[in-house]
Amino acid sequence: MGMATNALSSALTLYGARTLTLEQAATQAGVSEAEFVRQLERRGIEVTEAERSAAFEGDHTARAD
């Protein structure tokens, strides 16, 4: 699990710095875009409205909570 965590952590940092797009960062982290948005929000990293909509558009497991 260590590797996955490092990939996720690094992708979150790169997205936060706007080095990667949400799509690129999620791919690097090895998670869905919707899951990546959840991870960003847990850490208080801002997600653009456009990227959030795009991420959840393709995600049918999204729950309103």
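Within region 2-32, list the residues whose amide N lies under 15 Å from a label point set 7 Å along Cα→Cβ of residue 48.
Backbone N within reach: 15-26.
Going from the alpha-carbon gyration tensor of region 3-62, what semi-axes, largest first and in whole Å, does one get by taking the root of 5 times each eigenvalue?
Semi-axes from the Cα gyration tensor: 16, 13, 10 Å.
Can you compute 3J(HN,Hα) from phi for each residue in region 9-16, using the Karplus curve 6.51 cos²θ - 1.76 cosθ + 1.60 with θ = phi - 60°, rounded to whole Hz and x for Gly and Pro?
3J(HN,Hα) across region 9-16, in whole Hz: 4, 5, 5, 4, 4, 5, 5, x.
Read-outs: derived from the displayed coordinates by stated rules, not from any lab. Please read all numbers here as calculations on a predicted model, not as lab measurements. Using ideal geometry, Cβ is built from the backbone for each residue, glycine included, and neighbour counts are taken over all protein chains shown.
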